[in-house]
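Report on the following structure.
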Amino acid sequence: MRVLITGVKGQLGVELSRALAGGGEVIGRDLPELDITGAACADQVAALEPDWVVHAAAATDVDGCERDPAMALAVNGEGTRRVAEGCRLAGAGLVYISTDFVFDGQKGSPYLETDAPVPVSAYGRSKLAGEHAVQETVSRWTVVRTAWLYGVHEKNFVKTIVGKAAAGEQLRVVDDQVGSPTYARDLAAAIAELLTRGLTGVFHLTNGGSCSWFEFTREILRQGGFSATGVLPISSRELARPARRPAYSVLANGAWERAGLSALRPWPQALAAMLEAWRAAGPVAVPVFPARLT
């Protein structure tokens, strides 16, 4: 199997390269060699003759998307359509990485794959446009919605919290948004399993359990050895970010379970694994962790 990964330099792309190694030929592309907003994108994808494309390239700055919704749609919507057109030309299947932000967060219970998306931000709308582009263009497709992604590579919430704690900063974190933190390495392994089995359709994939950002922060501090660092719970209104976030965006991994696959491990266990992997990475583990994780 020949698999093309877009956005291969990102936190998920790096883990996908690792997860798919040994299962066939893996090709990675990112900027500047593959610009999904460029007119040549579809032909470039088709020329690589992939069997499958895992489309992880995206504009993921939620507030940046809110400030520039045209950019968000150009990358996440029309850019995805170009990748999908390349897949159609090559006869390839397409795995599209989507998000919990396609939901409005008002349901109050975990979202099913069959629930109707109602995005409340420019980012969510652009990612939903990408879902539609995939479904309208490619005959073999898989949409993977995930949430609160973090990993050893690139910037993310976990690394930001550790950095602030190491610098001795007082933390203020919202406690009225609930979701499921998801380790990029676990998500990549699950996507590799979907490809191996040739499963298609819509899948929700997150680590098990849920928490608020405030609860997530407290666990990061505890496991990272920064238990003495203070963290103050605040409301989303107090934080006053440009983009509205869904208040409750827990995703039920029903399609995955119905396929007979084992649930991804609980998020606290996944967090512990990420912190150990980050710490073991040596010089890239900046700032320096305490002598021992607790």
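Of all residues in the stretch 226-265, count the ones that are free of Cβ contacts under 8 Å to residues at least 60 places away in the same chain and either among the aromatic types (Phe, Trp, Tyr) or surrounded by 15 or more Cβ atoms within 10 Å (Cβ to Cβ) (or both). Summing the residues that are free of Cβ contacts under 8 Å to residues at least 60 places away in the same chain and either among the aromatic types (Phe, Trp, Tyr) or surrounded by 15 or more Cβ atoms within 10 Å (Cβ to Cβ) (or both) in the stretch 226-265 gives 1.
Based on what the data block shows, is GLY105 surrounded by fewer than 24 Cβ atoms within 10 Å (Cβ to Cβ), among the small types (Gly, Ala, Ser) and closer than 20 Å to LEU16 by Cα? No; evaluated as a whole, the condition is false for this residue.
The set of residues in the stretch 44-68 being aliphatic (A, V, I, L, M), outside any helix (DSSP H, G or I) and more than 26 Å from TYR150 (Cβ to Cβ) consists of LEU48 alone.
Residue-level check: of (1) polar (S, T, N, Q); (2) under 22 Å from LYS127 (Cβ atoms); (3) more than 16 Å from the chain's Cα centre (by Cα), GLN11 misses just (3). Tell me, which residue of the stretch 240-276 that is assigned to a loop (DSSP other than H, G, I, E, B) and among the hydroxyl-bearing types (Ser, Thr, Tyr) is nearest to the chain's Cα centre (by Cα)? Per the stated criteria, the residue is SER249. Among the numbered conditions (1) part of a helix (DSSP H, G or I); (2) touching a residue at least 24 places away in the same chain (Cβ under 8 Å); (3) over 21 Å from TRP148 (Cβ atoms); (4) in contact with a helix residue (DSSP H, G or I) (Cβ under 8 Å, 6 or more places away or on another chain), the only one that MET71 does not meet is (2). Among the residues of the stretch 130-137, are any in contact (Cβ under 8 Å) with a residue 40 or more places away in the chain, farther than 25 Å from VAL14 by Cα, of a type in the set (Val, Ile, Thr) and in contact with a helix residue (DSSP H, G or I) (Cβ under 8 Å, 6 or more places away or on another chain)? Among the residues of the stretch 130-137, at least one is in contact (Cβ under 8 Å) with a residue 40 or more places away in the chain, farther than 25 Å from VAL14 by Cα, of a type in the set (Val, Ile, Thr) and in contact with a helix residue (DSSP H, G or I) (Cβ under 8 Å, 6 or more places away or on another chain), which makes the answer yes. Among GLU154, GLU113, GLU131, which is the only one that is under 17 Å from the mean Cα position of the chain (by Cα), assigned to a helix (DSSP H, G or I) and closer than 22 Å to ALA190 by Cα? Answer to the check: GLU131. Residues considered: ARG140, ARG222, ARG218, ARG197. Of these, the only one that is in contact (Cβ under 8 Å) with a residue 12 or more places away in the chain, surrounded by fewer than 18 Cβ atoms within 10 Å (Cβ to Cβ), out of contact with any helix residue (DSSP H, G or I) (no Cβ under 6 Å at 6 or more places or on another chain) and more than 25 Å from ARG18 (Cβ to Cβ) is ARG222. Pairing each residue of the stretch 7-21 that is more than 16 Å from LEU31 (Cα to Cα) and buried (at least 22 other Cβ atoms within 10 Å of the Cβ) with any residue that is at pLDDT 95 or above and of a type in the set (Phe, Trp, Tyr), provided the two are 6+ apart or on different chains, yields C-beta distances under 9 Å for GLU15/TYR183.
If you check ALA188, ALA166 for being touching a residue at least 40 places away in the same chain (Cβ under 8 Å), of a type in the set (Gly, Ala, Ser) and in contact with a Pro (Cβ under 7 Å, 6 or more places away or on another chain), only one passes: ALA166.
The residues listed here are THR114, THR99; of these, the one that is buried (at least 22 other Cβ atoms within 10 Å of the Cβ) and hydroxyl-bearing (Ser, Thr, Tyr) is THR99.
If you go through the stretch 177-210 and keep only what is within 15 Å of TRP148 (Cβ to Cβ) and either over 17 Å from the mean Cα position of the chain (by Cα) or part of a loop (DSSP other than H, G, I, E, B) (or both), you end up with GLN177, SER180, PRO181, LEU205, THR206, ASN207, GLY209, SER210. Once the stretch 78-94 is narrowed to residues that are in contact with a strand residue (DSSP E or B) (Cβ under 7 Å, 6 or more places away or on another chain) and not β-branched (Val, Ile, Thr), the residue that is nearest to ALA46 (Cα to Cα) is CYS87.
The values are calculated or read from the model by the stated rules, or taken from the named source; none is laboratory data. Quick caveat: nothing in here was measured; it's all calculated off a predicted structure. FYI the Cβ positions are ideal-geometry reconstructions off the backbone, even for glycines, and counts take in every protein chain you see.
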